[in-house]
Structures are given as C-alpha cells and as structure tokens.
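S.K.: Structure in structure tokens, see below.
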Amino acid sequence: MVIHMVHPAERIKGSKSNLLEGKRIILGITGSIGAVECVRLARELIRHGADVIAVMTESAKEILSPESMFFATGKPPITKLGGGVEHVTFAGEEEAEKSLLLIAPATANTIGKIATGIDDTPVTTFATVALGSGMPILIAPAMHAAMYRNPAVVKNIEYLKELGVEFIQPREEEGKEKFPDVETVFLHVLRAFRGGQGSGVAALVIGGASEEPIDEMRVVSNRSTGKTASEIAKALFVEGFEVALLWGRTTTPPPKVGEITGFRRVEELIKLLEKMKGREFHFIFMPAALSDFIPESREGKIPSGGELLLRMRSAPKVLNLLRDLFPSAHIVAFKAVGGDDRRVMERKAMRYIKEGRADFVAANMLKDVKEESTRITLYWRDGALGSFEGDKFRVATALVKAVMEKAGG
C-alpha cells in the first residue's frame, strides 16, 4: 500500500488567487533578524499561486531554521551549492522569464557583495547568475538606520538600481530600516512579473472622506473605509504606474505604494491639488467621499444639550477643478447611488461624462458595497464598458485594466 502525502504548502497554494500561478520565486534569505518574517512571506506568495524555493546564507540559518523554510515552502531550502549547480538550474537564462530572485531580508553586507560581484554565499551566487541571465531581482533591505544611510551602502544601492535591480522601501521604525510588511513585498513581486505597462507614467488616487468642522471638536463627514481607493492604488502600482495618493479620513491605512499626502477638509484638498498643477498624471481616480456642504464653523466647543441648527454652504466641486488643473489626464469619477433602479445609476454616471467632468465613471448601488467586496459598472462616452464583481482588489484590477485599454495605456 502506497500512501501519497500532500505537503501543507500544497494545500494552501492558490487559496487567495492565481495571480502568481506558474511563477517561481527564489527567496534569498540573509542574516538579518527580519528573516523571521520569511515563513509568513513564503506562505503568502504560495497562497497567490507561486512556487517558492528558499536559498539561505549561513548567517540566516542562525536566525531561521532551514526546517522552518522547508515547512513553509514544501521544498528543501538551498543552504549550499553542490553538483546540482542549483544557481544555474534555477537562475539561468532558461528560467529568467518565469522566475524572480527576491532577496528579503538583505543585509548591507549582502548588498555590498552583489554590487561588487562577490559570490561567496548561496544568495550572492544566485544574484551573480541572475544579473547575468536577466532574471528580475527584488531586494528588501533590513538593517539599522545608520547603516542604511552609510554613503557606501547608498552608493551600492544606487549602482544596483542602475543595473535594473528593484528595491523595496524598508519600514522605518525604532531607528531601524525594518523588513517591509508582507503585502508590500507581494505587490512588488506582482509588479515585477507584470512588466509594467504604465512604467514611468504617473497616476493620482484621491481617497477617503473629508471632514468639515462644526466647532473645534466636532466635524461633519461621510462614511468611507478607503478600501476601494487603496485597492485601486495597489492595482495601478502593480501595472507599473508611479502612484501619488491624496488621503482623507479612512478606516483603512493607505497602501505603501507611492507618495502619500493627507488632507482633512475639501478646501485643504483643493490647495494640495493646486500645488500639483503642472504635474503630468495619465490617470486620476477619485473614489473619495467628499463633503457636498461645509458648515459655518464656530470657535471653541458648542455646549451640549438642546437643539443645534447648522448653517451650511455648498462645497466646491473638486471634480470640476481636476479638469482645469490637469487637462490631459484621464479622469475616473466614482458615483454611489441608493435604491434599486440601475437605470438611475446609469443616467447619473453618463451625466458626469456628457458634462465633461470625467472621462470614465465607476458607478455602483450602495446595496452592492460590502466591507471586502463590491460590484462596479464602468461607463465611458459610449455607455457601459462592463460590470466587475468580487473582492475589491480583483475589481480594482479589472477596472484599471479596462480604463487603460480604452485610454490607450
């Protein structure tokens, strides 16, 4: 009787998505304490369909057991090079198109060796071959902040960038440049495989709710988790765009995929946009929940009790301003509609386009919006382009692709 055992890594493969299906990620692990995050990172990449092979330095083995990475990936980690010439087998020319070398975490020592062509560890030898074969390389530095600022380290990083190596910005915390969060690494991996149709092109995402003060304590605002804006920013980043975010109040933190500037009031947002005048944005997505009215604010705190009557004026329409400030941008507006009549939704969406305020409108019924999922219909000048339904990242990805196709990338 033969019993076929299925490794736990196989059971989770593709459980979140197939975005990395058919892709191999060589995970180079060096001697930083950030190595303890590699089990979680490997499992996350596998959940999106990837095959993961760990390659470890001797220093990494002192922090993270090779058995832990065997458990995480379902494949014995490479801790030394032998007659199997693993560095050529997995990082040679034939593997370059479907594989990626991700060195995470990367110490200053390893970065320096790669920059100077030294290959005295399995990780640096893989990097030497990958640089020669044209395989994409991603590096996530993790070290003390003073080391990260060392002119020699800065020079090595800049040199590797010139060679085409991509770097993932570390997470700044407690005086250290720490291992980035797993989602950020995943997005960089996905971006590297996608090839980046939007490479070198800028996109702006305006997300979150505005807050208009009633007094020095209270505000009038709209509901907004910021989830849709966050997923659109991620989708744009994955497609290779240089993303700028203007971020209001949300329950979702902004994704670490680009330049982030916060705002609270509509008028504060307008000032930020006016400062951006002259910047070339290919796309502007505006899923922000902005106030339609601004109350007359009072000094101090209004005493509680009794009735409170608010006198409010109409807020400036940011969508109208975008067309004036960024005339060459393709503007994607968002419209949420209550009730059940989708014909009403279509009329309101098409009015935005006919009035010239937006090139595209992503519209939905409020009843279709949930915490993690949504349904959106995309309109442009000839009517509906299609409807997208599912988790918000999948919907955002489909939305961005549809807009890119119609706008010419």
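The values are calculated or read from the model by the stated rules, or taken from the named source; none is laboratory data. Just so it is clear, the structure is predicted and the values come from calculations on it, not from any experiment. No Cβ is skipped: glycine too gets one built from the backbone with ideal geometry, and neighbour counts run over all protein chains shown.
S.K.: Please count how many residues of segment 45-62 are surrounded by 19 or more Cβ atoms within 10 Å (Cβ to Cβ) and not small (Gly, Ala, Ser). Spell out how you get there, then give the answer.
M.R.: Step one: filter segment 45-62 for residues surrounded by 19 or more Cβ atoms within 10 Å (Cβ to Cβ), giving 45-46, 48, 50-57, 60.
Remaining after also requiring not small (Gly, Ala, Ser): 45-46, 48, 51-53, 55-57.
Count: 9.
S.K.: For segment 120-131, does any single residue satisfy the condition of being surrounded by fewer than 18 Cβ atoms within 10 Å (Cβ to Cβ), within 17 Å of residue 31 (Cβ to Cβ) and out of contact with any strand residue (DSSP E or B) (no Cβ under 9 Å at 6 or more places or on another chain)? Steps first, please.
M.R.: Let us first name the residues in segment 120-131 that are surrounded by fewer than 18 Cβ atoms within 10 Å (Cβ to Cβ), namely 120, 128.
From the residues that got through so far, the ones that are within 17 Å of residue 31 (Cβ to Cβ) too are 120.
Applying the additional criterion that residues be out of contact with any strand residue (DSSP E or B) (no Cβ under 9 Å at 6 or more places or on another chain) yields 120.
There is at least one residue in segment 120-131 that is surrounded by fewer than 18 Cβ atoms within 10 Å (Cβ to Cβ), within 17 Å of residue 31 (Cβ to Cβ) and out of contact with any strand residue (DSSP E or B) (no Cβ under 9 Å at 6 or more places or on another chain).
S.K.: Condition test on residue 341, is it among the charged types (D, E, K, R), touching a Ser or Thr at 6+ places or on another chain (Cβ under 8 Å), closer than 16 Å to residue 387 by Cα and assigned by TED's automatic domain parsing to the domain that holds residue 392?
M.R.: Details: among the charged types (D, E, K, R): yes; touching a Ser or Thr at 6+ places or on another chain (Cβ under 8 Å): no; closer than 16 Å to residue 387 by Cα: yes; assigned by TED's automatic domain parsing to the domain that holds residue 392: yes.
Considered against the rule, which asks whether it is among the charged types (D, E, K, R), touching a Ser or Thr at 6+ places or on another chain (Cβ under 8 Å), closer than 16 Å to residue 387 by Cα and assigned by TED's automatic domain parsing to the domain that holds residue 392, residue 341 comes out as no.
S.K.: Sticking with this structure for a sec: Given the options 231, 174, name the one that is under 30 Å from residue 36 (Cβ atoms) and at pLDDT below 90. Break it down into steps so the answer makes sense when it comes.
M.R.: Details: 231 fails: at pLDDT below 90.
One residue alone meets the criteria, 174.
Results for (1) surrounded by 15 or more Cβ atoms within 10 Å (Cβ to Cβ); (2) within 24 Å of residue 276 (Cα to Cα); (3) among the small types (Gly, Ala, Ser), shown as yes or no for each residue.
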| residue | (1), (2), (3) |
| --- | --- |
| 311 | no, no, no |
| 326 | yes, yes, no |
| 333 | yes, yes, yes |
| 341 | no, no, no |
| 345 | yes, no, no |
| 351 | no, no, no |
| 361 | yes, yes, no |
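S.K.: Follow-up question, since we're still on this one. With the requirement that a residue be small (Gly, Ala, Ser) and modelled with pLDDT under 95, what does segment 85-129 give you? Can you show your working first?
M.R.: The first filter runs over segment 85-129 and keeps only residues small (Gly, Ala, Ser), leaving 91-92, 96, 99, 104, 106, 108, 112, 115, 117, 127.
If the condition is that a residue be small (Gly, Ala, Ser) and modelled with pLDDT under 95, then 91, 92, 96, 99, 117 are the ones that fit.
S.K.: Which ones in segment 202-228 are more than 16 Å from residue 362 (Cβ to Cβ), at pLDDT 90 or above and of a type outside the set (Gly, Ala, Ser)?
M.R.: Result: 211, single match.
S.K.: Counting only residues that are assigned to a loop (DSSP other than H, G, I, E, B) and in contact with a Lys or Arg (Cβ under 9 Å, 6 or more places away or on another chain), which one in segment 79-112 is surrounded by the most Cβ atoms within 10 Å (Cβ to Cβ)? Working first, answer last.
M.R.: Looking only at segment 79-112, we keep the residues that are assigned to a loop (DSSP other than H, G, I, E, B), and these are 79-85, 92, 96-98, 107.
Among the residues that remain, those that are also in contact with a Lys or Arg (Cβ under 9 Å, 6 or more places away or on another chain) are: 79, 98.
Numbers: 79: 17, 98: 12.
Among those that are assigned to a loop (DSSP other than H, G, I, E, B) and in contact with a Lys or Arg (Cβ under 9 Å, 6 or more places away or on another chain), it is 79.
S.K.: Are there any pairs, at least 6 apart or on different chains, whose C-beta atoms fall under 6 Å, with the first in segment 41-66 and under 19 Å from residue 86 (Cβ atoms) and the second hydroxyl-bearing (Ser, Thr, Tyr) and crowded, with 17+ Cβ neighbours inside 10 Å, and if so, which?
M.R.: Within 6 Å, the pairs are 42/73; 52/73; 54/73; 56/79; 57/30; 57/121; 60/30; 66/79.
S.K.: Still on this model: What do you reckon, is residue 335 in contact with a strand residue (DSSP E or B) (Cβ under 6 Å, 6 or more places away or on another chain), under 26 Å from residue 270 (Cβ atoms), touching a residue at least 24 places away in the same chain (Cβ under 8 Å) and not aliphatic (A, V, I, L, M)? Lay out the reasoning, then the answer.
M.R.: Values: in contact with a strand residue (DSSP E or B) (Cβ under 6 Å, 6 or more places away or on another chain): yes; under 26 Å from residue 270 (Cβ atoms): yes; touching a residue at least 24 places away in the same chain (Cβ under 8 Å): yes; not aliphatic (A, V, I, L, M): yes.
Against the criterion (in contact with a strand residue (DSSP E or B) (Cβ under 6 Å, 6 or more places away or on another chain), under 26 Å from residue 270 (Cβ atoms), touching a residue at least 24 places away in the same chain (Cβ under 8 Å) and not aliphatic (A, V, I, L, M)), residue 335 qualifies.
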